[in-house]
Structures are given as C-alpha cells and as structure tokens.
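Working notes, beginning with the structure itself.
The values are calculated or read from the model by the stated rules, or taken from the named source; none is laboratory data. All values derive from a computational prediction rather than experimental measurement. All Cβ positions, even for glycine, are placed from backbone atoms using ideal geometry, and neighbour counts span all protein chains on display. Keep in mind that these areas ignore ligands, DNA and RNA; they rest on the heavy atoms of the full protein, side chains included. Shrake-Rupley method; radii C 1.70, N 1.55, O 1.52, S 1.80 Å.
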Amino acid sequence: MARIRGKSKTAEILTLDAAVKKYALSGSQIAFSGFTGFNRNPFAFAWEMVRQGVKDIHSIDRHGSCCTWLLNAASAIKIFETDWMGWGEMAGKLDINLGRNYKAGKVILEDYAHGAMAMRFLAGAIGAPFIPYNAPLGSDLYNEKYDALGKAGLRDGKNPKIAKKKFIQMEEPFWGNGDTVLLPAAMPDLAVIHVAKAGDKGTAHWRGVGTIDKEISFACDKVVIIAEEIVPEAEMRKYPEANQIPYFVVDAIVECPWGAFPSSVPYYYDYDAPFMRVMDAASRNPDDLNKFLDEWVYAPASWEEFLIKQGAKKLLDLKAESTGYSTRMLRGKKPAPRMKMPLSVARSGY
Amino acid sequence: MAKSMEELMELIDKIPDTPAKPGEFILPELMAIAIAHEVHNDDVVFAGTGLPMVGIMTANFTNAPKATLIYESGICDGKTMHVPMSVCDQRAANMSSTLGGLVDTFGYYLQQGYVTLGFLGGAAIDKYGGVNVTSIGDYYNPSHRFTGSGGNSDIGTMAHRVAYIILQEKRRFLERNDYTTTPGWWCWDFKTNEWKPKKEVWKNTAYANNGPCGVVTNMGVYRFDAEGIIYLETCHPGITVEQVKDNCGFDLNVSKLTGDTPCPTYQELFILREFVDPELIFLPAKTPYTPDIQAIIDKG
C-alpha cells in the first residue's frame, strides 16, 4: 500500500554495526537483495545481525541465500515467507539448517513461487494493495488447505504486514479470460540491498541482473543500501540511465567492500564456491555448525578481519575480469578454460 | 600439450557426428544430450538450475544454436562461455540481449506468452505430468521437505510446452502426488473439488493448452498421450522395460515404446565435454574418448 509522506527521506551514511543496530529490529519483516546464494547477497549485514543477536525475523523473500542460510544457522528466522529454499549441496536441495529448524517446529514456512513473489513485490513497489497473476490453477500453492500463516492464526489482521488471505482465486472480470489469482502486495519493514556503487546522497547502481531489487526497495518501509563503494553523488549523475534506485527511497548507506562475499557482485568479484561448500558441509551436524559460527562469525572483531582471515590470495582469485566474473577460482574439479567467444556465437552468430 | 579452445573449436567438424556406443559415455551425458534434443532452433527456452541448464547450453552449442535462452533472474539470451552454477550467475548473462529482473522474466516474457519451452527438474511426478518440488507426506509435517516451487509452477504452466528431468524411483513416479506444485494435464479444480483435465480447470485462459511434452529420467524418455497420460517412449541403452516398470509407482503404459534412446554422437559428446562442462561442475568426471576419437584430437 502507498505510504503518503510529508517530506523527502534523507539518507545517512552509517557503519555496518550502526546500520544493523538501527534498522534490523528483532521481530521485523526483512527482504534481502540478490538471487539465490550466488548474486549480491548482503551477507555482511546478515553476519552482523547474527553477531548482534537479532531474532524472530520474518524473512519475506524469494530465495534461499547466503543471508538466510546464516540466519537459519543461528535460528534467527521465525517465519520464512518465500518460494525457494535451496542451499543443500549449494543450491538444488533444501537448506539443511532450515530443514532442521522446520522439523523442530521453530520456523513457519509459507510457500509461493518465484513469479508470484516477483508480482507481490511489484504490487508493493507501485503502491497497489494486490495484483492479479496467472498463477497455476490446480497447484497446491493456491489451495486454501495449505496456508501456513493462516493455520498459525496469523492472518487475523492484527499484524499489518501479514495479509488477511494468502490468495484469492476469481473469475477475471474484464475480458472473460477464465480464472485468475489475486496476490497480496509484499511490503516488508526493511529492504537490505547490496549494490556496486552508491552516491553519497543515496542514488544506487549495479551491473548484471536486477533480480527484484528495485521492486523490493520501493516495497519496503526502510531501505538500507550496502555498497562496495560510496562515490560523490556527482559521479552517479554522469550516466543516470545506468542507476536503478533513486536517493529518495534510501534511509541509510553503508560502505562495505566485499560485503556480498561469498556471493558475487558482477564486475567486482565472483562467488566463492569452495567456501559455500564449507558452509553447506558445516550445517550437516550441529557441532560442526557451532564451530563454523564461532570461527567465522563470532571470532572476527570486524568484517575486515573476516576478510583478512579469508586471505589475500583468495580475494585476488575472485576479482572479476572484463566478463564480470573470474576464471581463476576453481569451481569444479578442473580449472576454467580460456575462452574468447561463446561457441554458439563463434559457429552460428546470434 | 593441452590444446587451446580455438584449436578445439577447429576440431569439432572433424569429429564424426555418428552415434557413440553404450559404454563410451556416462548416464549424465546421455541425459544432458537427450534434453538438448528437446530444444528447437525457434524455441524461447526458460530453464532451471542444474542439469536442465547444462542440457539447454548443449542444445545451444549443437542442434539449436539460434534458440533463445531465458534464465529466471532476468537474463534474456545469454551466450554462455563457462557453465553457470545458478540461474543468476554472471556467466549466464554473458553477451545477453537484455538484462532485467524477475518481473521481466515472469511477467513480460512468461506470462505474456513468449516462452515456448520450459525445462525443469522435479522431486516427484504423477501419471499426468504434475510435479512435486515441495513436500512428501503431510504438508505441515512432511517426511521430506524439498526446496519449494521456485519458478517451477509458473514456468511449468505458462510456457507453451514443458519438459522435466527427474530421477526415476518407485516413490517418485506416482499415481498422484502428495502435493502438486506444478499441475500436469489433470489437476484439482479447487472450486468444485473435482479432479479434472487441466484444459477444463484453465478454461478460457491463454494457457489452457500448455502442458508437459516430455520427461527425461535416468531410465528412459516419456511422452504424454491425447488423454494427458504419460507413456514410455524409449529406454536408455542397457535398461529393460521391466526395470522401468519396477521403478514406477503406477501401471505404466509401455505399448508405445519405440526402442532405445538414441545414443549421443561423438561430436555431441566432444562439445559437452570440452565446451559445456570442462570444469566438471555438473558432470562427475571426464569420460575418456575412444582411441580413434582421441587420435583425431591428438592429430589436430
């Protein structure tokens, strides 16, 4: 829903720990940027949330990411309203920490689908209360029996951030196009968006895919931008068509180089597949997980120390080449080949 | 001395495009190439992470170089040089036409009707092509909980045709799913509580005639008949009809079996091994070439 404002927001530049303290409140609804564990996850922010003991998060999202992996590892997520919770063996299987918490009854899972969540955030972004979408009729996602928030008694209208219904199936009233599904807007308390560059006034920019980060930024009450670098606002005005987020939606800017590690920031650095495998392996038993959290989350005095512990060699290997990614990091069992041209283009053009 | 990628590219046309023999390739290679064969040159393909992505990348390098590849994070027609690990890997966005986001891919491309072929995975499938990627057992207290839909339910119903790749086991090939994430040719009409042909449930929508066109498993390739019921089309080399039936939870129609799944050609295998996944991210190991193919490669 629209939030009518009497005056413009003014973005403040904060440190990582100050931004978490001020904006990541226990019990709030939070959406993180990026897509899956591989692209622009604001991991440093989630890392600091766990260190500060933020709890009972209602994560409203469309992916299992490095952020949700860590928050689940610390059992900080109470409601996970999303559509894809992969992380096991680094993507295709359920996040093991989440699976454990779910089995123990510590987390409520509400299922949607990628398209549905994208549309819900689009509705939230444009100030619409709901959006019609041709969501799959006959899918149990849109079966009233399977409404986890409803079953938990949370759709009683008392929480202004939880819709009174999961969905409504109705006959499309304008054109006679059969049935369609109405989905409630998503409008969380906080958006945490990791970007490549932000101006000191708040204008933000990234390269590579957009996922739904622009929609999330407009859909949420508060927006914290985590940037690889903060540059003079004038720098951002040279190519305004390349910017995605205007300054007036931004509440706070944090400069945090490598803050999306171990996910990637295209044209800055690649994802660290080996470290993500270490995370996944650690989640397989509680002792290993506690050891991982002690070593990588609680022990370092700061995010900089976390990076120093990762080692310069690794960070150099991850630095992006002209393609936007790195071919120096061993992702599989063999090194990446040196390619000049995609085979399809070399042989058949476009 | 290892060959450069340019030298390997020059070699492609010297490798015979004739079928390899069973034993000269491994099952994931056969499956990736079977997926590739589903793709036509004029398709707009929307594929999920994992083997579907490897398969359509192979198609783009072999039989369908002009096919358009859409990845759900917002990528339109990526021309990939290195196999992506995820649908939002920058590798998948290489030389793409446009880069947007999920609203672009699920709204502008998919809901708008541009996507001709969806290629997806699944944890379980029913006799009618309905797919479950959510949970087994009681939804609220499941014996197995999977990742959830992701793009599966949207792509699987709004793409004109959709193909699945699924590991075949008795508990994954079912008369009915415990939870239907993506409906197949038959599904529940929740308004009347009746099990119906999808065409009736989706009546008057633009998507009523969309549905599953094929399933590739570790044992065979499947199609759907006019009633929307799955049947076995081919068995992979070395797999018998009895083995297939033993790994199916319902009475499978095997009367339309046409024979063995075609073996990949030497050229297709060369492209898959050298250009699609030489980093061995999805393929478990590099299978050695036969002596005569290796001789062609060594000679240059």
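The table that follows gives values for the structure above.
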{"item": "Cβ-Cβ under 7 Å pairs, at least 6 apart or on other chains, the range A:295-321 side closer than 22 Å to residue A:54 by Cβ and in contact (Cβ under 8 Å) with a residue 60 or more places away in the chain, far side among the aromatic types (Phe, Trp, Tyr) and open to solvent by 20 Å² or more (accessible area, probe 1.4 Å)", "result": "A:306/A:296"}
{"item": "In the range A:108-132, the residues that are of a type in the set (A, V, I, L, M), in contact with a helix residue (DSSP H, G or I) (Cβ under 7 Å, 6 or more places away or on another chain) and under 23 Å from residue A:76 (Cβ atoms)", "result": "A:108, A:109"}
{"item": "Residue check for residue B:73: without any contact (Cβ under 8 Å) to a residue 40 or more places away in the chain, buried (at least 24 other Cβ atoms within 10 Å of the Cβ) and touching a Cys at 6+ places or on another chain (Cβ under 7 Å)", "result": "yes"}
{"item": "The range B:239-263 residues that are outside any loop (DSSP other than H, G, I, E, B), paired with ones that are at pLDDT 95 or above and small (Gly, Ala, Ser) (beta carbon under 7 Å, 6 or more apart)", "result": "B:244/B:220"}
{"item": "Residues that are at the interface with chain A (Cβ under 8 Å from one of its Cβ atoms) and either within 22 Å of residue A:326 (Cα to Cα) or in a loop (DSSP other than H, G, I, E, B) (or both), drawn from the range B:84-110", "result": "B:85, B:86, B:87, B:88, B:89, B:90, B:91, B:93, B:94, B:95, B:99, B:100"}
{"item": "Pair list, Cβ < 7 Å and 6+ apart or interchain, from the range A:87-115 residues that are more than 8 Å from chain B (Cβ to nearest Cβ) to residues that are among the polar types (S, T, N, Q) and surrounded by fewer than 20 Cβ atoms within 10 Å (Cβ to Cβ)", "result": "A:101/A:75; A:106/A:75"}
{"item": "Tabulated pairs, the range B:275-286, first open to solvent by 10 Å² or more (accessible area, probe 1.4 Å), second of a type in the set (Val, Ile, Thr), C-beta under 7 angstrom, 6+ apart or interchain", "result": "B:281/B:83; B:282/B:54; B:282/B:83"}
{"item": "Test result for residue A:194, open to solvent by less than 10 Å² (accessible area, probe 1.4 Å) and closer than 30 Å to residue B:91 by Cβ", "result": "yes"}
{"item": "Selection within the range B:4-22 - assigned to a loop (DSSP other than H, G, I, E, B) and either modelled with pLDDT under 95 or aliphatic (A, V, I, L, M) (or both)", "result": "B:4, B:15, B:20"}
{"item": "Residues of the range B:214-230 satisfying the condition of being small (Gly, Ala, Ser), in contact (Cβ under 8 Å) with a residue 40 or more places away in the chain and in a loop (DSSP other than H, G, I, E, B)", "result": "B:228"}
{"item": "Residue in the range A:54-73 that is among the aromatic types (Phe, Trp, Tyr), open to solvent by 10 Å² or more (accessible area, probe 1.4 Å), farther than 16 Å from residue A:24 by Cβ and at pLDDT 95 or above present", "result": "no"}
{"item": "Verdict on residue A:94 being at pLDDT below 95 and open to solvent by 10 Å² or more (accessible area, probe 1.4 Å)", "result": "yes"}
{"item": "Enumeration of residues in the range A:2-27 that are open to solvent by 10 Å² or more (accessible area, probe 1.4 Å), out of contact with any Leu (no Cβ under 6 Å at 6 or more places or on another chain), of a type outside the set (D, E, K, R) and touching a residue at least 12 places away in the same chain (Cβ under 8 Å)", "result": "A:2, A:8, A:11, A:13, A:14, A:15, A:16, A:25, A:26, A:27"}
{"item": "Residue in the range B:196-213 that is open to solvent by 10 Å² or more (accessible area, probe 1.4 Å), more than 9 Å from every other protein chain (Cβ to nearest Cβ) and in a strand (DSSP E or B) present", "result": "yes"}
{"item": "Residue in the range B:124-144 that is nearest to the chain's Cα centre (by Cα), counting only those that are surrounded by 22 or more Cβ atoms within 10 Å (Cβ to Cβ) and within 10 Å of chain A (Cβ to nearest Cβ)", "result": "B:131"}
{"item": "Within the range B:1-40, tally of residues that are under 24 Å from residue B:74 (Cα atoms) and either among the small types (Gly, Ala, Ser) or open to solvent by 70 Å² or more (accessible area, probe 1.4 Å) (or both)", "result": "3"}
{"item": "Positions within the range A:291-345 being within 14 Å of chain B (Cβ to nearest Cβ), open to solvent by less than 50 Å² (accessible area, probe 1.4 Å) and not in a loop (DSSP other than H, G, I, E, B), in sequence order", "result": "A:318, A:343, A:344, A:345"}
{"item": "Among residues of the range B:150-173, those that are in a strand (DSSP E or B) and under 15 Å from residue B:124 (Cβ atoms), counted", "result": "4"}
{"item": "Matching residues in the range B:181-195 - criterion: being assigned to a loop (DSSP other than H, G, I, E, B) and out of contact with any Ser or Thr (no Cβ under 6 Å at 6 or more places or on another chain)", "result": "B:184, B:185, B:190, B:191, B:192, B:193"}
{"item": "Residue count, the range B:145-176 (criterion: surrounded by 24 or more Cβ atoms within 10 Å (Cβ to Cβ), of a type outside the set (Gly, Ala, Ser) and either touching a Cys at 6+ places or on another chain (Cβ under 8 Å) or within 25 Å of residue A:89 (Cα to Cα) (or both))", "result": "9"}
{"item": "Matching residues in the range A:244-275 - criterion: being surrounded by fewer than 21 Cβ atoms within 10 Å (Cβ to Cβ), more than 30 Å from residue A:8 (Cβ to Cβ) and within 17 Å of the chain's Cα centre (by Cα)", "result": "A:258"}
{"item": "All strands (runs of 3 or more DSSP E) inside the range A:133-251 with 1 or more residues being of a type in the set (Gly, Ala, Ser)", "result": "A:190-199, A:222-231"}
{"item": "Unique residue being buried (at least 19 other Cβ atoms within 10 Å of the Cβ) and either in contact with a strand residue (DSSP E or B) (Cβ under 9 Å, 6 or more places away or on another chain) or modelled with pLDDT of 95 or more (or both) when the list is B:270, B:250, B:190", "result": "B:270"}
{"item": "From the options B:41, B:60, residue that is part of a loop (DSSP other than H, G, I, E, B) and of a type outside the set (Lys, Arg)", "result": "B:41"}
